[in-house]
Amino acid sequence: MQRNVGRIDVFSDPAHIARALADLFSNCAQTALGDRGAFYVALAGGSTPRAAYELLAAQPLVDAISWSDVFVYFGDERCVFPDDPRSNYRMAQDAFLSTVPIPPKNVHRMPGELPPKDGAGQYAQAIRADLGDMPQFDLVMLGIGKDGHTASLFPGTDPTTDDAALVRATYSEETGTDRLSITPRVINNARTVVICAEGIEKAPAVAAAREGDYDPTKTPVQIVSPINGELIWLLDRLAAGMLKHK
Ligand code: 6PG
């Protein structure tokens with residue numbers, strides 16, 4: 001099957017990426033709410049998306065979105081308690097979920113405090129309950145690590161294994177933490193997938209992902225190839241700096 005490498009939008013600096021990411025979230029939400037009366041999104045963790053999340057909690061976007069029909073999931077989580085500073089849930093709560101008028105029941109936290117395999121199974125059931133066995137999120141938000149990981153799909157493990165699973169327990173060698181991650185089956189069934197990267201330290205991984213030999217075990221982000229959906233890369237000039245083709 002032809003790989004969907006998506007399109008690249010390059011911005012002058014991180015502030016412009018944050019604005020573009022927040023606008024993409026809002027636009028995808030408007031489309032989904034207009035077409036189906038609900039917007040299902042899987043949030044990215046890490047630090048890059050925080051500025052965009054904060055824009056969602058501010059005017060004009062906070063009033064532009066019908067939050068009662070927004071259903072938030074997470075693309076991945078560190079296996080820590082929700083109040084742990086490393087928690088992706090805590091970051092999103094602090095950045096916007098605790099201030100926008102979204103019903104708490106609409107926010108589905110990954111249970112990082114459970115034994116990883118139990119947490120993965122429980123979260124898969126939560127996704128299935130809302131979206132069935134071939135879940136189609138309206139928007140999946142991703143970052144990329146310096147090592148080419150995305151969500152919590154790390155190098156050294158073939159990301160295409162156990163493709164029937166929706167959520168997988170993984171392990172980050174770099175941080176020495178157990179993780180939970182949605183799988184390629186979920187990511188690639190989304191209507192829109194966005195990958196954000198900023199800073200010169202991400203340039204090699206971005207170039208390897210888009211222009212290097214195809215080897216998702218080495219560069220897991222290469223597995224992101226939406227079947228019918230759109231893939232958008234939001235990069236700053238530094239992260240795009242090693243690309244031959246922009
Ligand atoms: C996580 C993320 C991870 C992240 C990348 C980039 O839990 O860390 O989900 O996949 O997107 O590691 O992280 P930064 O945005 O902090 O560079």
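Against the definition (surrounded by 15 or more Cβ atoms within 10 Å (Cβ to Cβ), modelled with pLDDT of 95 or more and of a type in the set (G, A, S)), how does A58 come out, yes or no? So A58 does not fit the description; no. Within this structure, R3 fails the test of being open to solvent by 50 Å² or more (accessible area, probe 1.4 Å) and part of a helix (DSSP H, G or I). The sole residue among G119, G45 that is open to solvent by less than 40 Å² (accessible area, probe 1.4 Å), in a helix (DSSP H, G or I), closer than 17 Å to A169 by Cβ and within 16 Å of the ligand (Cβ to nearest atom) is G119. When only residues in region 64-92 that are farther than 22 Å from L131 by Cβ and surrounded by fewer than 18 Cβ atoms within 10 Å (Cβ to Cβ) count, which is nearest to the chain's Cα centre (by Cα)? Filtering first and then ranking leaves R86.
Residues that are within 10 Å of the ligand (Cβ to nearest atom) and farther than 19 Å from Y89 by Cα were ranked within region 175-199; the one that is least open to solvent (accessible area, probe 1.4 Å) is A197.
Let's see how each residue does on (1) part of a helix (DSSP H, G or I); (2) hydrophobic (A, V, I, L, M, F, W, C); (3) open to solvent by 10 Å² or more (accessible area, probe 1.4 Å); (4) free of Cβ contacts under 8 Å to residues at least 12 places away in the same chain:
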site	(1), (2), (3), (4)
E201	yes, no, yes, no
P204	yes, no, yes, no
R210	yes, no, yes, no
L235	no, yes, no, no
A240	no, yes, no, no
K246	no, no, yes, no
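Tell me yes or no: at least one residue of region 215-229 is open to solvent by less than 10 Å² (accessible area, probe 1.4 Å) and over 16 Å from the mean Cα position of the chain (by Cα). Taking every residue of region 215-229 in turn, none turns out to be open to solvent by less than 10 Å² (accessible area, probe 1.4 Å) and over 16 Å from the mean Cα position of the chain (by Cα).
The values are calculated or read from the model by the stated rules, or taken from the named source; none is laboratory data. In this text the structure is predicted, and so the values were computed from the model without any measurement. In this analysis, Cβ positions are derived from the backbone assuming ideal geometry, glycine residues included, and neighbour counts consider all displayed protein chains. Areas reflect the complete protein model, heavy atoms only, side chains present, ligands, DNA and RNA absent. Shrake-Rupley method; radii C 1.70, N 1.55, O 1.52, S 1.80 Å.
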